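Notes for the one structure printed next.
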Amino acid sequence: MDVAAANTRAARAFVRALAAAGVADACITPGSRSTPLTIAFAEQDAIKPWLHLDERASSYFALGLARTSGRPVALLCTSGTAAANFHPAIAEASLSRIPLIVCTADRPPALRDAGSPQTIPQPGMFGPNVRWAADLPLPSGDTAVAARFAAFATRAVHVSLGDLPGPVHLNMPFDEPLVAAPGEHPPPAPGVIEVGEPVRAQPAPATAELELAANVLAHARRPLIVAGPETGGLPASEVAALAAALDAPVLADPLSGLRTGAHDRSRILDSYDAVLRDPRSGAIAPDCILRFGAIPTSKATGQFLVRHRSSAHIQADLPGSWRDPDALTTHRLSGSPALTAAALRAMLPPGSGSEPGWAAGWLARDRAAREAMRSACASFEEPFEGRVFLELQAALPAGATIVVGNSMPVRDLDSFLFSDAKQLRLLSNRGANGIDGVTSSALGTAAAARGPVVLVIGDLSFYHDLTGLWAAKRHGLSLTIVLVNNDGGGIFGYLPQASHPDVFEEWFGTPSGLDFSHAVALFGGRHTLVRDWAGFRSALTGGGLNVIELRTGRQRNVALHREAWAAAASAAWAPSPAPAST
Ligand SMILES: Cc1ncc(C[n+]2csc(CCOP(=O)(O)OP(=O)(O)O)c2C)c(N)n1
Ligand SMILES: [Mg+2]
C-alpha cells in the first residue's frame, strides 16, 4: 500500500475508534502535516469538527466543551509551535481533570532534530501535564494498521476517563504524500459511524481507609465539611446527607456545585469567607475537618484550616492526586466523592453528630454575614463589581451557567453568589488560575450547554484571549460576556504591593487604555457600555455574542469590598448572632 493510502486508512480507523469510545467533538486548526486526520474528521458525521484559527483558543475551547459535556474532546494541530500553543490548556485540563485527546501531527522520526522545517521535539512535550503520552508509528501498509490506530484511540480515551481523568497526548507522525490525488482518494466506507457512551471510572475507596475515617467522624464533636471546587460538581445529595448525619456545617465553594440546587442546603454555608476573615474566628475550633474537592477559593478558609493543624483532617479525593499544599492530611480516602460520601454515611453509628450549638452557631454567623453583604451591596451608589453576581443570580433562569474569569470575578462569585434553590452551574479555570483562554473556555461551554451562558471576566483577561472571540462568529454561538473593566489588574490593589506607589501603577495596576468596543465589532458582536444596573439588566437579553461592559474604579472597588467585608464580619461577630433559621 502506498503512503497516502496508509495515512488515510490509519486516520479513518483512528477517528472511528474515537467516536466509538465516546468522543463527539474535535477542535481542529489548519495546517499541512495534520492533513490525513483533518480530512478523516471532515468526511464523517459522528464527531463534530469545530474549526478554530489559533491553537491556544482551540485548546481552551476544547477544555470548556469537555468540562460541560462530560465527554472527552479531541484536539488536532499541525507540527511545530502550533503544538506548543496547546500547553496552557493542557496544564489546566490536567489540574481540573478534564479529558482531552491531544493529537499533534509530526514529521517522520527521521526528520526530527535534523533542521527540518516546522519541526520541534514533540514526543512527550507536555511532560507531567498529561496522563499518558505516546509517539505513534508512521502508518504503514501492514494489514494491522487500522487495528493499531484504533487501539491507540481507544486506549487514549480510556486513560483520559480513568481514575483521575485528564488529558492524553498522541504525537502522530505522517510521511508524504499526506493524501492521495482527488481521483485516487478512496471514498469513506459506507455506513454510519456510531458515537458510543463514554465510560468513566468510579473508583471505590478501600474499606480499611473508610473504617478509619468513619471512626474519627463518629467521635467528632465539632465536625466541619469543606467542599472545594470540583469539575462536574461534587455529589450534592450524598454530601448533604453525610452533613445531615454528622450535623456538620458545609463550607461550600461556589465551584463545588453545592451552593445552588434542590438538594438539602440547610447546612450549606456561603459567607464563611467574610466570617473567617475576622480574627475572632480563632475562637471556632473544629475537631475534625472532612475535605472534598480542591483547595477553596477563599484564602481566609485556607488560613483557617492551617490554624487548626491539630484537628483530624480527612482528605477525600480521587486516587492519583494529593491536594494538600499545607500538609494537613491525617486520613486519606481515595475514591470517587459520591461513593466515599455514601459509604461514610452508611458506616456512621446511630447517634453520631456534633455537639449542641456547633452547627447552629456556624449557620447563624453565616446568615448574619450574608445579609450584611447583601445590604452593603445594595447600598453602594457607584458600580460595585460584586453586585454583578447578585444581579445575575436574580436575572438568570434555573439551569443557566455562569463562567467566571480568575482574579476578582471568581472571588466576587465566592462572596456574592448565595445559596439558593434555583440551580446555576458555576464554572471557572481554577486548576492553574490562568487569566488566559477564559473567553475560549466559556465559548466551549456555550457550545455544549443547554441553557444560557454568561461569562464574567476582567479587562486584562478579556484582552488576553481576544482571538478566542472568533469562535462565536464562526460557530454562531450565544455567549453574554460581562466585561468588568477597571482598566487593569484590580486584584493587585488588595495586595501589599499596592502600598508601593512608585512602582504599583506601571507594573501591577497596568491600565491598558483600550476601547474594547472595536474588538467586539471586529468579531460581529454587540457591545453595550452600561451606566447603571437598570441598563445592565436590559442589556442581558438577546443572543449571539453580547458584550456588556461595566466600567469600575480599581481603588474605589477595594474600598467598597473592604466596607462590605467589615459589615459582614461585624454582623457575624456581634455579641449575639441572630438565631439560626433554615
Ligand atoms: C496567564 C496568566 N498571566 C498572568 C497571571 C497573573 N495575574 C493574576 S490576576 C491578573 C490581573 C487580571 O486582571 P483582570 O483580568 O482585569 O481582572 P481584575 O484583577 O481587574 O479583576 C494577573 C495579570 C495569571 N494568573 N495568568
Ligand atoms: Mg481588571
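The values are calculated or read from the model by the stated rules, or taken from the named source; none is laboratory data. None of the values given here were measured: they were computed from a predicted structure. Ideal geometry is used to build each Cβ from the backbone, glycine not excepted, and the neighbour counts take in all protein chains shown. These accessible areas exclude ligands, DNA and RNA; they are computed on the full protein's heavy atoms, side chains included. Shrake-Rupley method; radii C 1.70, N 1.55, O 1.52, S 1.80 Å.
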Looking at region 373-388, can you tell me whether even one residue there is away from ligand 2 (no atom under 16 Å from the Cβ) and within 30 Å of CYS288 (Cβ to Cβ)? yes
Number of the exception - ASP2 against (1) modelled with pLDDT of 95 or more; (2) on the phi < 0 side of the Ramachandran plot: (1)
Which numbered condition trips up LEU164, out of (1) more than 16 Å from ligand 1 (Cβ to nearest atom); (2) open to solvent by 70 Å² or more (accessible area, probe 1.4 Å)? (2)
For the list (1) under 27 Å from the mean Cα position of the chain (by Cα); (2) within 12 Å of ligand 2 (Cβ to nearest atom); (3) in contact (Cβ under 8 Å) with a residue 24 or more places away in the chain; (4) open to solvent by 60 Å² or more (accessible area, probe 1.4 Å), I need the number of the one condition that LEU514 fails. (1)
From ASP436, ASP412, which residue is under 14 Å from the mean Cα position of the chain (by Cα) and within 16 Å of ligand 2 (Cβ to nearest atom)? ASP436
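Give me the residue from region 473-495 that is of a type in the set (D, E, K, R) and more than 14 Å from ligand 2 (Cβ to nearest atom) and, out of that set, farthest from GLU506 (Cα to Cα). First the steps, then the outcome.
Going residue by residue through region 473-495, those that are of a type in the set (D, E, K, R) are 473-474, 487.
If we keep only those that are more than 14 Å from ligand 2 (Cβ to nearest atom) as well, we get 473-474.
Values: LYS473: 35, ARG474: 37 Å.
Going through the qualifying residues, I end up with ARG474.
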Residues located in region 344-390, provided they are under 18 Å from ASP270 (Cα atoms), modelled with pLDDT under 95 and either outside any helix (DSSP H, G or I) or hydroxyl-bearing (Ser, Thr, Tyr) (or both): none
So ALA42 ticks every box in (1) more than 17 Å from MET172 (Cα to Cα); (2) crowded, with 24+ Cβ neighbours inside 10 Å; (3) touching a strand residue (DSSP E or B) at 6+ places or on another chain (Cβ under 9 Å) but one. Which box is left unticked? (2)
Flagged in region 415-444 as crowded, with 24+ Cβ neighbours inside 10 Å, over 15 Å from GLY233 (Cα atoms) and either in contact with a strand residue (DSSP E or B) (Cβ under 9 Å, 6 or more places away or on another chain) or among the small types (Gly, Ala, Ser) (or both), in numbering order, are SER415, GLY437, VAL438, THR439, SER440, SER441, ALA442, LEU443, GLY444
Under the condition of being under 23 Å from ARG562 (Cβ atoms) and of a type in the set (Asp, Glu), which residue from region 271-319 is surrounded by the most Cβ atoms within 10 Å (Cβ to Cβ)? ASP273
Listed by range, helices (runs of 4 or more DSSP H) wholly within region 447-511 having at least 2 residues that are closer than 30 Å to ARG531 by Cβ and away from ligand 1 (no atom under 14 Å from the Cβ) are 470-475
Can you confirm whether LEU255 is open to solvent by less than 20 Å² (accessible area, probe 1.4 Å), in contact with a Pro (Cβ under 6 Å, 6 or more places away or on another chain), over 19 Å from ALA342 (Cα atoms) and in a helix (DSSP H, G or I)? yes
With criteria (1) more than 30 Å from ASP436 (Cα to Cα); (2) among the hydrophobic types (A, V, I, L, M, F, W, C); (3) open to solvent by 30 Å² or more (accessible area, probe 1.4 Å), LEU51 comes up short on (1)
Long-range neighbours under 8 Å by Cβ, at least six apart or interchain, first residue buried (at least 24 other Cβ atoms within 10 Å of the Cβ) within region 88-101, second of a type in the set (Phe, Trp, Tyr) and outside any loop (DSSP other than H, G, I, E, B): ALA89/TYR60; GLU92/TYR60
Of (1) open to solvent by less than 20 Å² (accessible area, probe 1.4 Å); (2) more than 12 Å from ligand 1 (Cβ to nearest atom); (3) at positive phi, GLY524 satisfies every one except (1)
All but one of (1) open to solvent by less than 10 Å² (accessible area, probe 1.4 Å); (2) farther than 18 Å from LEU477 by Cβ; (3) not polar (S, T, N, Q) hold for PHE61; state the number of the condition that does not hold. (2)
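Do we have LEU529 as within 15 Å of ligand 1 (Cβ to nearest atom), within 17 Å of ASN485 (Cβ to Cβ) and among the aliphatic types (A, V, I, L, M) here?
Values: within 15 Å of ligand 1 (Cβ to nearest atom): no; within 17 Å of ASN485 (Cβ to Cβ): yes; among the aliphatic types (A, V, I, L, M): yes.
Criteria not met by LEU529.
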Those residues of region 263-304 which are among the hydroxyl-bearing types (Ser, Thr, Tyr), closer than 25 Å to SER334 by Cβ and assigned to a loop (DSSP other than H, G, I, E, B) amount to THR297
